[in-house]
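Coordinate-derived values only; no laboratory data. This is a predicted model, so every value here is computed, not measured. All Cβ positions, glycine included, derive from the backbone under ideal geometry; neighbour counts span all protein chains shown.
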Amino acid sequence: MNRIEGNVTELAPRSLAGTIVSATAPCWMCQTSLSARTAFCHECGTIQASRGVDHFTRFGLDRRFDLDRDQLSGRYEAFKRVFLAERIGGKGPRQKQLASDHLSAVEEAHTILRDPVRRAEYLLTLMDESSVAHAQLAVEAEMAELRGELENAADAVAIDRVAHKARHGVEVCIRDLSGAFRQQAFSDVAIILARLAQLEDIAATARARRGDL
């Protein structure tokens with residue numbers, strides 16, 4: 001079942017590299033065996049604990065970089081409607097706390113998945129890539145020239161020139177992320193994310209220097 005409307009009951013299993021997300025746990029009230037993705041027990045109707053599923057599974061989405069933003073927003077709003085306080089007013093203290101936990105988990109998941117950079121970083125952590133540290137070292141050397149240009153900028157025009165280069169580089173990195181994920185070139189994803197972080201730092205430094213003039 002993949003129903004994110006009216007009464008949320010369960011999110012569909014999703015896979016990455018052939019691995020299906022699957023786990024069961026008993027309902028805390030009636031002990032019925034339930035999927036870890038279940039929000040409400042289908043036997044007694046009690047709210048279940050918000051278990052440690054990944055952000056994509058929480059919304060019933062495939063683990064992928066290219067997401068349908070409208071679909072994500074729709075499921076996010078549906079979850080909020082289900083777990084709002086007025087919908088659970090007749091529940092006991094424990095179920096109200098569990099509903100609050102669900103809302104917190106949904107808020108965190110939505111905050112990360114709606115942002116392309118944070119979504120890419122999160123995907124990379126799910127894939128347990130070991131190339132992140134190497135990518136950071138490689139990109140630091142790559143960015144040394146631009147940082148040096150900023151350090152030597154003597155006036156506002158020169159600083160703005162560096163800031164423009166950094167902002168353009170950020171735009172290119174975000175565009176390149178989609179292609180790297182589609183090709184499953186995860187080492188490239190790590191390098192792009194490391195480069196993007198460096199460029200954002202350079203742009204922020206340029207803004208700070210510009211404000212001091």
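Just so you know, the averaged projected area of the alpha carbon convex hull for the stretch 15-114 sits at 6.6 nm². Only alpha carbons enter this Debye calculation for the chain, each as an equal point scatterer, and the log10 of I(q)/I(0) it gives at q = 0.14 Å⁻¹ is -0.88. Taking each DSSP H run with n ≥ 4 as -39500 (n - 2.57) and averaging over every residue of the chain yields -20000 deg cm²/dmol at 222 nm.
If contacts are Cα pairs under 8 angstrom and at least 6 residues apart, what is the relative contact order of the stretch 15-114 in percent? The partial results should precede the final answer.
On the way: 93 pairs, mean separation 23.9, N = 100.
So the answer I get is 24 percent.
Beyond 16 Å, the tail of the calculated P(r) for the stretch 130-212 holds 52 percent of the Cα pairs. Taking θ as phi - 60° and the Karplus parameters 6.51, -1.76 and 1.60, the scalar couplings of the stretch 25-30 work out to 8, x, 4, 5, 9, 10 Hz in sequence order, x denoting glycine and proline.
In this calculation the C-beta distance from Thr111 to Ala158 is compared with R0 = 30 Å, giving a FRET efficiency of 0.25.
A cysteine counts as unpartnered when no other cysteine's C-beta lies under 4.7 Å of its own; in the chain this applies to Cys173.
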